[in-house]
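The structure appears below as structure tokens.
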Amino acid sequence: MDRDGTLEGFDLELLHEASMLDIPVIASGGAGTETHFLEALEAGADAVLAATLFHEATLPIAQLKQYLSERGQLMRLEEPCKR
């Protein structure tokens, strides 16, 4: 929460510690680059999220998913069905 909107990256130390718990860990707050998402997943996050980057179209979601997929992260790359 302290990093929300900073674009400086997720709190990797906290994510690593939280990943030792027996609950899903979702990284939130601080993402500014594609690398930040990868670092969070590698630190033990089960999922990552962001708002500003996507709402302001700074980082397209498809681009991020492709980046993560190319680095060994499991991603659903196809678009969901529209109803």
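Computed from the coordinates by the stated procedures, all read-outs in this text should not be read as laboratory data. Treat the numbers as computed from the prediction; the structure is a model and nothing was measured. We place every Cβ from the backbone using ideal geometry, glycine too, and count neighbours over all the protein chains shown.
Would you please give the FRET efficiency between Q66 and H16, computed as 1/(1 + (r/R0)^6) with r the Cβ-Cβ distance and R0 = 25 Å, to the nearest 0.05?
Working from the Cβ atoms, E equals 0.45.
How far apart, in nm, are two points set 7 Å out from the Cα along the Cα-to-Cβ line at F54 and at I23?
2.2
Quick one: which residues, 5 or more positions from V48 or on another chain, have an amide H under 5 Å from its amide H? H modelled 1.01 Å from N in the peptide plane, none for Pro or chain starts.
HN-HN under 5 Å from V48: A27.
With an 8 Å Cα cut-off and a minimum separation of 6 or more residues, compute the relative contact order for the chain in percent.
Details: 113 pairs, mean separation 20.6, N = 83.
Answer for the chain is 25 percent.
Between beta-carbons, use under 12 Å as the cut-off and find the net charge around H36, counting Lys and Arg +1, Asp and Glu -1. Before the final figure, lay out the partial values.
Working: positive: R3; negative: E8, D11, E34, E39, E42.
After counting each charged neighbour, the total is -4.
Considering only I26, Q73, L41, whose Cα is most displaced toward the positive end of the charge dipole of the chain, charges sitting on Cβ of Lys, Arg (+1) and Asp, Glu (-1)?
The Cα lying farthest towards the positive end belongs to Q73.
Helix-only estimate, please: 222 nm mean residue ellipticity of the chain, summing -39500 (n - 2.57) across DSSP H runs of length 4 or more and dividing by its residues, to the nearest 500.
Values: 4 runs with 30 residues, N = 83.
Calculated from helices alone, the mean residue ellipticity at 222 nm is -9500 deg cm²/dmol.
Rounded to two decimals, what ratio of Rg to Rh does the chain give with C-alpha atoms and a Kirkwood Rh? Present the calculation step by step, with values, prior to reporting the outcome.
Values: Rg = 12.9 Å, Rh = 13.2 Å.
Value, to two decimals: 0.98.
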